[in-house]
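Read-outs throughout are calculated quantities, based only on the coordinates presented, and are distinct from any laboratory measurement. A quick note: this is a predicted structure, and the numbers were derived from the prediction, not measured. Methodologically, a virtual Cβ is constructed for each residue, glycine included, from the backbone with ideal geometry; neighbour enumeration extends over all protein chains shown.
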Amino acid sequence: PVPSRLSSIQQRGFSPGAEIAKNLLARLDHTYRPGSHLVWRFRESADQAALGQSERKENLVGTMKASRQAANANVVLVDDIVTTGSSLFETARALEAEGANILGFVTFSETILRNIGKTHTKDSKKV
């Protein structure tokens, strides 16, 4: 899963990406192993939801590190929601720096930013 901010995990009590990965793997008859992540967030960042599109891209630069175990691993990234793709991009960058092969990504939802400061989802009204 794409690593969540520690403060977000503490507030929610779980990582949405990890929960999606766990359920997806269960449906594929694989076991999710907590703590076996190839990538983690080593530096906190501002909450992406409070930022505009260009700020989101800059906010996550250099926040992810990947394990050396990522070398030659075939990886499918899992995240709960994609808006600008910044989280996915930065996670992929860290993994590729250690030699991982990014095969694709799975997300639960997509958010589209329209107008400054207003967020809409494809299938819902203004949030």
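Among the chymotrypsin sites (Phe, Trp or Tyr not before Pro) within region 18-86, which fall in a DSSP loop and have no more than 15 other Cβ atoms within 10 Å of their own Cβ?
Tyr32, Phe42
Give me the one-decimal nm value for the distance between modelled label points at Ser109 and Asn23, 7 Å along each residue's Cα-to-Cβ direction.
1.2
What Kirkwood Rh does region 26-114 have if only Cα atoms enter the pairwise 1/r average? Answer in Å.
14.0
Using modelled amide H (1.01 Å from N, peptide plane; none on Pro or chain starts), what sits under 5 Å from the amide H of Ser4, excluding residues fewer than 5 places away?
none
May I ask for the net charge around Arg56, where only other residues with Cβ less than 12 Å from the Cβ of Arg56 are counted and Lys, Arg are +1 while Asp, Glu are -1?
-3
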